[in-house]
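Notes follow the structure.
The values are calculated or read from the model by the stated rules, or taken from the named source; none is laboratory data. Keep in mind it's a predicted model, so treat the numbers as computed, not measured. FYI the Cβ positions are ideal-geometry reconstructions off the backbone, even for glycines, and counts take in every protein chain you see.
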Amino acid sequence: MTEEQAREVMRTVLRPIAPEADLDSVVAGETLQEALDLDSIDFLQFVAGLAEVTRRDIPERDYAQLSTVEGCVDYLTTSH
Amino acid sequence: MPSLGADMDAGTITKWLVHPGDRVHRGDIVAVVQTDKSDIEVEIFEEGTVDELAVPEGVRVSVGTVLAHLTSASASNTSGSPATPVTPATSASPAPPPASSSAVRPAPANLPLVESPLVRRLAQRRGVDLATVTGTGVGGTVTRGDVEAVAPFTPGVTGSTARQSSSPYARRLARDAGIDLEGVVGSGPGGSVLARDVRGVAAVAPEKPAPASTPEERRRSMQRAIGALMARSKREVPHYYLDTTIDLSAAASWLERTNAERPVADRLVMASLLLCATARAVARVPEMNGHYVDGEFSPSAAVNLGVAISQRRGGLIAPALRDAEQLSLDEMMSRLNDLVRRARNGLLRSSELSDSTITVTNLGDLGVDRVFGVIYPPQVALVGFGRVHDRPWATQGLLGVHTCVVATLSGDHRVSDGMRGGRFLTEIARLLREPEEL
């Protein structure tokens, strides 16, 4: 998966969870929870969405990496 | 227009899902209503056939306005007598602006069957109380003739265009505001319309024939509505506040073990444990659960747990998880997932917004330690949870690091006191020490 594809996956997964969220507005280093006002349920739905799209399980210990845009992009681009 | 939460005063029908002639059943979703907060699916609590849709799509009307007329199932052989309309005359024409206005009055309980909205309006114009009229129509239905028999033409008022009397100032106000006086309920002598009646209608009139409000306008309007409700709460409800720090180490390690065995989609979040424990504890301290109305507290048997959900653009909505005390953790989690998703995307159901018996607010995700909430009238208690985090904790003479949360209670002193409130918070803490029992 390329970086652009990874961002597109994130956008697709976020849309039903946070319809008004703009991924491009998230500053590097900022967590998605802070930047997009995601609560724990939103974030779990986000991770569940990523797991569904990438068809693999995501253990809880990987959550921290998935909480920034860069971390997510790394996660999605390196394992496929 | 149902009241979908105590902070709502008007709504716009964005879509009718039924049409004249359709059969409806209890629990059917009949329309989608846009409020300042959300799009809401409105359910019906009657059986019958739709006679007439009284409010067209796109028109904003105040709470209490009749939206449609039904022929109830039991009266369906009486040739279409509208059995359930509950408010006197509402007329909202689908015509382009200026749309005619609606008069809005809460309804007396036992209105007789009336042949048509026209008869109802005639009675209103002539100042006739329909409850006192003996109906001679089919099944005791009140007809035009019955009303005219009670109140014949008033001299000086011309026949077919008969209007109720109104003051010149009221007429001018009505003309300026584009309001049809025929639909206005008069509060003057003999039902005559005074300036204040026109102003009342102008304030709630379908001022926008199309839902043209911008998100920013809706946000401001929502903020005003919440502000008005909170001001009322602070004015009327004698709040007391308690807080307690709850040790969540058992809950946190149970959660970690449980989630490790589950695929992402089936995992639980701490919030679901907090809500489950709260719902079970409420069921054991009934003074926290119910509504305080007209100087009296009515406890509720079911726990309909309102969950405050942030709408991100500003504003909160607190739809209810019904019968929450009976939900298992997994059921709680899936109901919560569903509720949050629908709250954020617009479709909540009317029943979810009108019957919370206690509310929980969980601001912990935003990083605050504790929240001292304002009770949502007519409820009598609000539970707040702060941030779940590790802190030093002394137990049995040893200092350790435990996962904790601060739980707060805002209680209504007219119904409970600090003793009972303390008992309630202690019960929540106890339940969270044994998460496998939840």
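Taken over region B:344-364, the criterion of being in contact (Cβ under 8 Å) with a residue 12 or more places away in the chain, within 11 Å of chain A (Cβ to nearest Cβ) and surrounded by fewer than 23 Cβ atoms within 10 Å (Cβ to Cβ) is satisfied by B:R344, B:G346, B:L363. Out of A:T77, A:T68, A:T31, one residue alone is within 14 Å of chain B (Cβ to nearest Cβ) and either exposed (fewer than 13 other Cβ atoms within 10 Å of the Cβ) or touching a helix residue (DSSP H, G or I) at 6+ places or on another chain (Cβ under 9 Å) (or both). It is A:T31. Taking (1) touching a residue at least 12 places away in the same chain (Cβ under 8 Å); (2) in a helix (DSSP H, G or I); (3) touching a strand residue (DSSP E or B) at 6+ places or on another chain (Cβ under 9 Å) in turn, B:S253 satisfies each apart from (1).
In region B:316-343, the residue that is farthest from the other protein chains (Cβ to nearest Cβ) out of those that are within 16 Å of the chain's Cα centre (by Cα) and of a type in the set (G, A, S) is B:A320. Pairs are defined by a Cβ separation below 7 Å, a sequence spacing of at least 6 or placement on different chains, a first member in region B:282-296 that is within 15 Å of B:P378 (Cα to Cα) and among the acidic types (D, E), and a second member that is modelled with pLDDT of 95 or more and not in a strand (DSSP E or B); the pairs so defined are B:E287/B:V415; B:E287/B:S416; B:E287/B:R420.
Filtered by the rule that a residue be in a strand (DSSP E or B) and over 13 Å from the mean Cα position of the chain (by Cα), region B:4-48 gives B:T12, B:I13, B:T14, B:K15, B:W16, B:R23, B:V24, B:I29, B:V30, B:A31, B:V32, B:G48.
There is no residue in region A:37-49 that is more than 8 Å from every other protein chain (Cβ to nearest Cβ) and among the charged types (D, E, K, R).
A quick yes/no check of all residues on (1) assigned to a helix (DSSP H, G or I); (2) outside the structural domain of B:G64 (by TED's automatic domain parsing); (3) at pLDDT 70 or above; (4) farther than 30 Å from B:A10 by Cα:
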| position | (1), (2), (3), (4) |
| --- | --- |
| B:A109 | no, no, no, no |
| B:A123 | yes, no, yes, no |
| B:T134 | no, no, yes, yes |
| B:V147 | yes, no, yes, yes |
| B:S160 | no, no, no, yes |
| B:R163 | no, no, no, no |
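Among the residues of region B:355-379, which ones are assigned to a helix (DSSP H, G or I) and of a type in the set (G, A, S)?
Within region B:355-379, just B:G364 meets the criteria.
Residue-level check: of (1) in contact (Cβ under 8 Å) with a residue 24 or more places away in the chain; (2) within 14 Å of chain A (Cβ to nearest Cβ); (3) surrounded by fewer than 21 Cβ atoms within 10 Å (Cβ to Cβ), B:Y240 misses just (2). If the Cβ limit is 8 Å and pairs must be 6+ apart or interchain, which residue in region B:372-398 that is not assigned by TED's automatic domain parsing to the domain that holds B:P299 pairs with which residue that is assigned to a loop (DSSP other than H, G, I, E, B)? So the pair list comes out empty.
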